[in-house]
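Only one structure is covered here, and it is reproduced in the block below.
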Amino acid sequence: MSKAKETILEINLAHLTHNFNYLKSKLQPGVKILSVVKASGYGSDATVIAKHLEKIGVDYFAVAYASEGIVLREAGIKTPILVLHPQPVSFQNIIEYRLEPSLYSSRTLRKFIATLTSNNQKDYPVHIKFNSGLNRIGFDEIDVDHITDQLSKTDTVHVVSLLSHLAASEDHTEREFTIEQINTFKKTAESLIRTLGYAPILHQSNTSGILNYPEAHFDMVRTGIGLYGYGNEAKYDAQLRPVASLKSVISQIHSLEPGESLGYNRAFIASSFTKTATIPIGHADGISRQYGNKNGFVIINHKRAYILGNVCMDMIMVDVTDIDCNEGDEVIIFDAKSNAAKVAERSGTISYELLTAISPRVKRLVIDDN
Ligand SMILES: *Cc1c(COP(=O)(O)O)cnc(C)c1O
C-alpha cells in the first residue's frame, strides 16, 4: 500500500468482513445481526460501510437520528433501518424515507401514531424500546398496559421488535446487574407479547453483550464497535481487526534549543535540544485538546512520538528527537497495530470517542481487496 501524503482515513473492507464473520460466529444459527452505522459509521463512512454489509448479508441497520437514515436511503440502501433515538419533528421524514422508529415513550408513541394516521398508513413497522436499567430512554415495565391500550385502538402500526439496551455489558464486575437487566427485559417483553397477540423480534445486546452474554442474544443482536474492530477488552481486540486507520505526514521538522518554546501559549518549553515534527491534523480533524502535552502520541517509523504543547486547530507538533525521520514521512495516528483503543486510553478516553470525532475534513480512502 502506498504511504499517506496527506491526512487520510483508510477504511479497510476486508477487516469489516472479518469482524462481521467473527461476531456472527458467536451467535446461534438464526439470530439476526443488526449493524449500527450511526455517527458516520463510527467515524468512517456510513454509506461505504452499509453498502458492504448489505453485500455480505446484514439483516438490519440502525442509526441514531432520522437524518442519518435519510443519507443511507438516498445512497440506495434497501435494508430496514431502525432509528434509535428519533424526535417527533422528524416523524414525517421517517415515513417518507421508510425508516423505522424506536418508540420510547407515551409521547413518541402517540405522536407517531398521529403522523401515521394523517398519512393514511397501515401496519407501519415500529420498534418499542424498554428501559431495563440504563435509565436513558425507553418505556418501563409499568407502561405495558398503556402501550397495549394505545396499540389496540389503531391499525396504523405493526410492532416489528421489542428492544432494550445494556448499561455495563463490558464490565465483568457488573454481571449481577446485567443478568437482572436481561431478566427485566424478558419479563417485560413477555407481558407485552401476551396482549399483542403476535411475537416481535427481541433484541438487547450491543457488541459486549454479544461477546459476554449469550443469554442476551434473543432473536437479534446490535453490533457497532465490534464491527469496526474493537471488543472493549484485550482478548476480543486480539480477534478483531480495526477497520479505520488514520494517517498523516510530516510537513516540517524544527530544532529547538534549550529555553525555546513551541506552539500556542508556549505550553512546551524545551529543556534540552529537541527535534519536532509538525503534522497537518488538529482539533478540526477530530484530535481533541486532551491529547496535547504528551498525553497523545503518533507513530513515526515504528516509534512513538508524543504530542508536545497544545493541539492547534489544524496541526500538532510531536517530539522526534530520537526518531530518524524526514519531512514527507508517513505518520500513523492509529491503525490496526497502534489502535484507537490504546491511543484513546492513554488520554483518558475510549475508542468510541476518538473514532467518531474524525471530522468530514479528513479524506476517506476505501481499501477493498475482497
Ligand atoms: C450505539 C448503540 C449500540 C451499539 O453499541 P456498541 O457497543 O457499539 O456495539 C447498540 N444499541 C444501542 C441502543 C446503541 O445506542
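The values are calculated or read from the model by the stated rules, or taken from the named source; none is laboratory data. Remember, predicted model here, so these are calculated numbers, not experimental data. No Cβ is skipped: glycine too gets one built from the backbone with ideal geometry, and neighbour counts run over all protein chains shown. Keep in mind that these areas ignore ligands, DNA and RNA; they rest on the heavy atoms of the full protein, side chains included. Shrake-Rupley method; radii C 1.70, N 1.55, O 1.52, S 1.80 Å.
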Residues satisfying the stated conditions in the range 186-205, i.e. out of contact with any Asp or Glu (no Cβ under 9 Å at 6 or more places or on another chain), assigned to a helix (DSSP H, G or I) and under 12 Å from Ser164 (Cα atoms): Lys186, Ala189
The range 121-179, subset outside any loop (DSSP other than H, G, I, E, B) and among the polar types (S, T, N, Q), residue farthest from the ligand (Cβ to nearest atom): Ser152
From the options Leu202, Leu192, residue that is touching a strand residue (DSSP E or B) at 6+ places or on another chain (Cβ under 7 Å) and more than 15 Å from the ligand (Cβ to nearest atom): Leu192
Enumeration of residues in the range 159-197 that are without any contact (Cβ under 8 Å) to a residue 12 or more places away in the chain and either aromatic (Phe, Trp, Tyr) or within 29 Å of Lys122 (Cβ to Cβ) (or both): Glu190, Arg194, Gly197
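Could you run through the range 243-273 and say how many residues are open to solvent by 50 Å² or more (accessible area, probe 1.4 Å) and basic (Lys, Arg)? Can you show your working first?
Quick first cut of the range 243-273, residues open to solvent by 50 Å² or more (accessible area, probe 1.4 Å) only: 251-252, 254-255, 257-258, 260, 264-266, 269, 271-273.
Restricting the remaining residues to those that are basic (Lys, Arg) gives 266.
Going through the range 243-273 one residue at a time, the tally reaches 1.
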Matching option when the condition is closer than 25 Å to Lys275 by Cα and touching a helix residue (DSSP H, G or I) at 6+ places or on another chain (Cβ under 6 Å), among Ser359, Ser347: Ser347
Test: residue in the range 170-188 that is surrounded by 20 or more Cβ atoms within 10 Å (Cβ to Cβ) and touching a strand residue (DSSP E or B) at 6+ places or on another chain (Cβ under 8 Å): yes
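Name the one entry in Leu99, Leu84 that is open to solvent by 20 Å² or more (accessible area, probe 1.4 Å) and within 16 Å of the ligand (Cβ to nearest atom).
Numbers: Leu99 fails: open to solvent by 20 Å² or more (accessible area, probe 1.4 Å).
Leu84 is the lone residue from the list that is open to solvent by 20 Å² or more (accessible area, probe 1.4 Å) and within 16 Å of the ligand (Cβ to nearest atom).
For Ser90, indicate whether it is within 30 Å of Ile142 (Cβ to Cβ), more than 16 Å from the ligand (Cβ to nearest atom) and more than 19 Å from the chain's Cα centre (by Cα). Let's see the steps before the verdict.
Numbers: within 30 Å of Ile142 (Cβ to Cβ): yes; more than 16 Å from the ligand (Cβ to nearest atom): yes; more than 19 Å from the chain's Cα centre (by Cα): yes.
It is true that Ser90 is within 30 Å of Ile142 (Cβ to Cβ), more than 16 Å from the ligand (Cβ to nearest atom) and more than 19 Å from the chain's Cα centre (by Cα).
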Candidate set: the range 206-243, residues that are free of Cβ contacts under 8 Å to residues at least 60 places away in the same chain, outside any helix (DSSP H, G or I) and out of contact with any Gly (no Cβ under 9 Å at 6 or more places or on another chain); chosen: the one farthest from the ligand (Cβ to nearest atom): Tyr213
Cβ-Cβ under 8 Å pairs, at least 6 apart or on other chains, the range 46-66 side closer than 15 Å to Lys32 by Cα and open to solvent by 20 Å² or more (accessible area, probe 1.4 Å), far side of a type in the set (D, E, K, R) and away from the ligand (no atom under 16 Å from the Cβ): Glu54/Lys78
Hits in the range 115-141 (condition: open to solvent by 60 Å² or more (accessible area, probe 1.4 Å) and over 23 Å from Ala168 (Cβ atoms)): Thr117, Ser118, Asn120, Lys122, Asp123
Residue in the range 67-74 that is closer than 26 Å to Gly209 by Cα, open to solvent by 20 Å² or more (accessible area, probe 1.4 Å), within 16 Å of the ligand (Cβ to nearest atom) and free of Cβ contacts under 8 Å to residues at least 40 places away in the same chain present: yes
Subset of the range 21-42 that is touching a Phe, Trp or Tyr at 6+ places or on another chain (Cβ under 9 Å) and open to solvent by 60 Å² or more (accessible area, probe 1.4 Å) - its residue that is farthest from the ligand (Cβ to nearest atom): Lys32
Hits in the range 249-263 (condition: under 30 Å from Lys3 (Cα atoms) and not small (Gly, Ala, Ser)): Val249, Ile250, Gln252, Ile253, His254, Leu256, Leu262
